[in-house]
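Encoded as structure tokens, the structure appears first; notes follow it.
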Amino acid sequence: MSSIAKKASGISPSSTLAIDAKFKSMKAQGLDVVGFGAGEPDFDTPQHIKDAAIEAIKQGKTKYTPASGTLELKQAICRKFKRDNGLDYEPANIVVSNGAKHSLVNIFMAICNPGDEVIIPAPYWVSYPEMVKIADGVPVFLPTKEENDFKFSIEDLKAVITPKTRAIIINSPSNPTGMVYDEEELREIAQVAVEHDIYVVSDEIYEHLTYEGKPVSIATFGDAIKDLTIVVNGVSKTYAMTGWRIGYTASNVALAKVMSNVQSHATSNPNTIAQAAAVAALDGPTETVEMMRNAFLERRNYMVDRINRMDGVSCLCPHGAFYVLMNISKLIGKEIAGCYIGGSDDFANAFLEKANVAVVPGSGFGADSYVRWSYATSMESIKEGLDRLEKFLAM
Ligand code: PMP
Ligand code: GLU
């Protein structure tokens, strides 16, 4: 048999998507399973966005577009940056891709030479290290602690910078911790990035899902940091459009060109119909976004309160995104329902097998003493999932 390339065989599968697929297949088999896996809003895509896609099909907008996206969408994205972040970008700064996940892969392809280091604060979103590895970069983890709200200090950051450091990833609000950096913290990070001439990959995909205050983009602190920042955003989370696959970046023009070139060979343009829908999403009314945010807030409060009233588990109150990272460290080394809990994988497997509840083990996020719950699901499912947790912990 021909061998498989070393690089590809070193890439782990996405644990969030794996759990989601397992949950969906158990459900399809008729099992009474409750899922808290992939972070995917349970709301439908708003009607005006769907209508824009239907209209695009009717108008024959069904052909290739420029590889980096249509001018209409890039202009809508520039308006969004001005309106929401006070940032001035031109269409030449924007690259539209097949989801923010694709945008991130483009970024690491564009900035990493073999062996270049990318700093990833941990706990991190599961895909970051694998994306860096795909681009021949080296992930360098910057551990954070729950008692510090999962935030690193500037001294911690400086300590991991080497001559090979190319970039740092800032994901605020964070998946999986829900942590949000405040303006002062971001200003300090920006200063270090400028001093050391390192890129900041600022993943702002959860920017509209904050529950206490409005997040700030690190790109707003002056021309030097704006030039070094690659802002990543998309329509998946804010507009319940996960399946439409539209994400985008704003960066300096030279980087945008390179990312567009890479993309032109890999995938050509993002789906033309979805691009038309994304224009309607970005330019459209914000009531549905507000409605979803309020629903997530209510669910967050309920989940955090109940988890912290149970013995053996606890969590911080997340300030953004739609995840709760539940601390299971008190259960490690113990048995639940006859299953030994050596870490988050054991916990997630036992919880799924014995209680039919799917949560994501923290192992894939660099947080093996935790499991992640998504609260982008109905209140009814949340209540049921937590009832089952209570029973499971008593087994
Ligand atoms: N960044 C983070 C932090 C995420 O949680 C996700 C989840 N899907 C993405 C990027 C990618 O989103 P998408 O590809 O659906 O735009
Ligand atoms: N980003 C979401 C999550 O973390 C969706 C799944 C994925 O893209 O990995 O669950």
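The values are calculated or read from the model by the stated rules, or taken from the named source; none is laboratory data. Only a predicted model underlies this, so the values are computations on that prediction, with no experimental measurement involved. Glycine also receives a Cβ, built like all others from the backbone with ideal geometry; neighbour counts cover every protein chain displayed. Heavy atoms of the whole protein, side chains included, go into the accessibility calculation; ligands, DNA and RNA do not. Shrake-Rupley method; radii C 1.70, N 1.55, O 1.52, S 1.80 Å.
Here Lys74 meets each of (1) away from ligand 2 (no atom under 16 Å from the Cβ); (2) open to solvent by 80 Å² or more (accessible area, probe 1.4 Å); (3) basic (Lys, Arg) with one exception, condition (2). Taken as a whole, the condition of being of a type in the set (D, E, K, R), within 16 Å of ligand 1 (Cβ to nearest atom), surrounded by 15 or more Cβ atoms within 10 Å (Cβ to Cβ) and part of a helix (DSSP H, G or I) does not apply to Asp84.
Restricting to segment 103-119, what's the tally of residues that are within 15 Å of ligand 2 (Cβ to nearest atom) and open to solvent by less than 10 Å² (accessible area, probe 1.4 Å)? Working first, answer last.
The initial filter retains those residues of segment 103-119 that are within 15 Å of ligand 2 (Cβ to nearest atom), namely 103-105.
With open to solvent by less than 10 Å² (accessible area, probe 1.4 Å) added as a condition, the list becomes 103-104.
Number satisfying all stated conditions: 2.
Here Lys330 fulfils each of the conditions (1) assigned to a helix (DSSP H, G or I); (2) closer than 29 Å to Ile205 by Cα apart from (2). Taking segment 87-118 as the range and being away from ligand 1 (no atom under 16 Å from the Cβ) and within 15 Å of Arg166 (Cα to Cα) as the test, the residues that pass are Ala110, Ile111, Cys112, Asn113, Pro114, Gly115, Asp116, Glu117. Checking each residue in segment 120-138 for being open to solvent by less than 30 Å² (accessible area, probe 1.4 Å), away from ligand 1 (no atom under 13 Å from the Cβ) and in a strand (DSSP E or B) picks out only Ala122. For segment 379-395, a tally of residues being touching a strand residue (DSSP E or B) at 6+ places or on another chain (Cβ under 6 Å) and open to solvent by less than 10 Å² (accessible area, probe 1.4 Å) returns 1.
Each row is one residue, and each column tells you yes or no for (1) surrounded by 16 or more Cβ atoms within 10 Å (Cβ to Cβ); (2) within 16 Å of ligand 2 (Cβ to nearest atom).
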| position | (1), (2) |
| --- | --- |
| Arg306 | yes, no |
| Asp311 | no, no |
| His319 | yes, no |
| Val324 | yes, yes |
| Gly333 | no, no |
| Ser344 | yes, yes |
| Lys354 | yes, no |
| Asp368 | yes, no |
| Thr377 | yes, yes |
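Suppose the filter is within 16 Å of ligand 1 (Cβ to nearest atom), modelled with pLDDT under 95 and under 28 Å from Gly362 (Cβ atoms); does Asp42 pass it? Taking the combined requirement at face value, the residue satisfies it. Reported count of residues in segment 32-55, each being out of contact with any helix residue (DSSP H, G or I) (no Cβ under 8 Å at 6 or more places or on another chain) and not in a loop (DSSP other than H, G, I, E, B), is 2.
Could you please let me know if Ala18 is under 18 Å from the mean Cα position of the chain (by Cα), small (Gly, Ala, Ser) and either modelled with pLDDT under 95 or open to solvent by 70 Å² or more (accessible area, probe 1.4 Å) (or both)? Answer is yes for this residue. Ala8 meets the conditions (1) under 22 Å from Thr242 (Cα atoms); (2) away from ligand 2 (no atom under 16 Å from the Cβ); (3) open to solvent by 50 Å² or more (accessible area, probe 1.4 Å); (4) assigned to a helix (DSSP H, G or I) in every case but one. The failed one is (1). Restricting attention to segment 279-297, the residues that are surrounded by 14 or more Cβ atoms within 10 Å (Cβ to Cβ) and within 29 Å of Trp373 (Cβ to Cβ) add up to 8.
Taken over segment 46-71, the criterion of being open to solvent by less than 80 Å² (accessible area, probe 1.4 Å) and either of a type in the set (Asp, Glu) or touching a Lys or Arg at 6+ places or on another chain (Cβ under 7 Å) (or both) is satisfied by Asp51 alone.
For first residues located in segment 105-119 and in a helix (DSSP H, G or I) and aliphatic (A, V, I, L, M), partners that are open to solvent by 20 Å² or more (accessible area, probe 1.4 Å) and at pLDDT 95 or above and lie 6+ apart or on another chain with Cβ distances below 6 Å form the pairs Met109/Val262; Ala110/Val258; Ile111/Arg166; Ile111/Tyr199.
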